[in-house]
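What follows draws every value from the coordinates through simple rules; no lab data is involved. The structure presented is a predicted model; accordingly, all values stated were derived computationally and were not measured. So basically every Cβ, Gly included, is an ideal-geometry build from the backbone, and we count neighbours across all protein chains shown.
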Amino acid sequence: MQASVLELRKFFRPPKGLLLPILVVLILIAIPGQGVSETAPGLVAAVVIAGVLDAVILRRRRGHWNFPSGAALTALIAGMVLRAQEHWYVPVGASVIGVLSKYVLRSRACNIFNPAALGVVAAYYIFHAGNSWWGALPESSPVLQVLMVAGGYFITDRVNKVPVVLVFLGCHFFLFSCAAFLADPQHVMEIFRAPDLQAALYFALIILTDPPTSPIKYRDQVKFGILVAAVSFLVFETTGVVYFLLAGVLVGNVWESWRRLSPKTGGKFPASLPAYLREISPLKTKTPTQKPTPIPV
């Protein structure tokens, strides 16, 4: 019994272990309004299939079994962003793409892209999937929405990413407020209403703060937040695609990976582009003295 308690405490100590129950609570609150029979099969299938895939890959790489908490988070987040009424294979496909991206699109240090964000954007083109952000509780009462913000802030504080959240939200609403005053306000008024308002909060607290793909130092978090907000705004203004927030974070992920690898690549664009591509190539080779980098679960 004592060993089980210690294992349970060990599982819930890192932010991933704490985020899982928070997402489950949000899903349990939101899913009745979306239709349990329509939403649950795809969500459960995504968690199971992505989890089994990740567990098998980790087993082959590490030589022992691990609980695939990262894959479960990817599946839950992707399912909470995608339209709840999508066919079951849509969240499954998005989750599988996200899990595989951790092992293919990565540097020696960590994966480049936020897996859930990449999976959802890929699902848009492969399955013509929509985004409703139902997991952000846009149709719930303000009290329950405060619960979502409180849970997200708790995780954000644990991973020490409060600055990037505040900077992103400030820039995000500032840019769209400027657009409302300088152009047709009808064009951007949806940003300040449900579900886009709740989506921005969920995005900032849950997706933007992903530790492997976002900066650690406060100075870099400020730059990251400004970049993601600016790119998201430009994508919305120029294309109007539903995944404009996710497009912003994917560009931010590339910038962050470039910044982390700049000591090895030289950091100057475009001269260091070939070296950067070699560092993130799935065909890269290890030097004889290089130790393999652990793969995040």
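Which ordering of Lys264, Lys16 is given by a fewest-first count of other beta-carbon atoms within 10 Å?
By the 10 Å Cβ count, ascending: Lys264, Lys16.
Going by how many other beta carbons lie within 10 Å of each one, how would you line up Asp220, Asp54, Asp184, fewest first?
Ascending Cβ contact count within 10 Å gives the list Asp184, Asp220, Asp54.
What is the sum of charges, Lys and Arg at +1 and Asp and Glu at -1, for the other residues whose Cβ falls under 12 Å from the Cβ of Ile112?
Net local charge, Ile112 excluded: +2.
Enter the Cα centre distance for the pair the range 217-255 and the range 29-83, rounded to the nearest angstrom.
Taking the Cα centre of the range 29-83 as reference, the centre of the range 217-255 is 26 Å away.
Quick one: what are the phi-derived ³J(HN,Hα) couplings along the range 80-96, Karplus 6.51/-1.76/1.60 with θ = phi - 60°, whole Hz, x for glycine and proline?
Those phi angles translate into 6, 8, 5, 4, 4, 8, 5, 4, 4, 6, 6, x, 4, x, 4, 5, 5 Hz.
Pull up the cross-link candidates among the aspartates and glutamates for Lys217, meaning alpha carbon to alpha carbon under 12 Å and not fewer than 8 places away within one chain.
The reachable aspartates and glutamates, counting only those whose Cα sits under 12 Å from Lys217, are Glu256.
Using 7 Å Cα-to-Cβ label points, what is the Ala150/Ala194 separation (nm, one decimal)?
My value for the distance between the label points is 1.9 nm.
For the chain, divide the Cα radius of gyration by the Kirkwood radius and give the resulting Rg/Rh value with two decimals.
Radius of gyration relative to Kirkwood radius: 0.97.
What ranking do Met148, Met189 get, fewest neighbouring Cβ atoms within 10 angstrom at the top?
So the residues, fewest neighbours to most, are Met189, Met148.
Please state the Cα pair-distance histogram of the range 159-253 with 10 angstrom bins from zero: what percent is in each bin?
For the range 159-253, the pair-distance distribution reads 17, 53, 25, 5.
Which residues in the range 206-230 have a backbone N closer than 15 Å to a point placed 7 Å from the Cα of Leu182 along the Cα-to-Cβ line?
Under 15 Å, as judged by backbone N against the label point of Leu182, lie 230 of the range 206-230.
From the phi angles alone, apply the Karplus equation (6.51, -1.76, 1.60; θ = phi - 60°) to the range 32-41 and give each ³J(HN,Hα) in whole Hz, x where the residue is Gly or Pro.
In residue order, the calculated couplings are x, x, 9, x, 4, 5, 8, 8, 4, x Hz.
Pulled fully out, how much extra length does the chain show between Ala55 and Glu237, if you take 0.36 nm times their separation in residues and subtract their Cα-Cα distance?
Stretched fully, the Ala55-Glu237 segment lengthens by 61.5 nm.
Which of these, Ala40, Ala271, Ala117, has the largest mean-square fluctuation under a Gaussian network model of the chain (Cα springs below 10 Å)?
Taking springs between Cα atoms under 10 Å, the residue moving most is Ala271.
Any idea what the relative contact order of the chain is, in percent, if you count C-alpha pairs under 8 Å spaced at least 6 apart?
RCO, the chain: 19 percent.
Skipping prolines and chain starts, which residues have an amide H placed within reach, meaning under 5 Å, of the one on Asn131, given they are 5 or more residues away or on another chain?
The answer is Arg83.
Gain in length, Tyr103 to Ile216, computed as 0.36 nm per residue apart minus the alpha-carbon separation, to one decimal in nm?
Length gained, Tyr103 through Ile216: 38.5 nm.
Could you work out how much longer the chain between Asn160 and Glu139 gets when fully extended? Use 0.36 nm per residue separation minus the Cα distance between them, nm to one decimal.
Extending this stretch completely gives an extra 4.6 nm.
List, largest first, the extents of the alpha carbons of the range 51-193 along their principal axes, each in whole Å.
58, 36, 32
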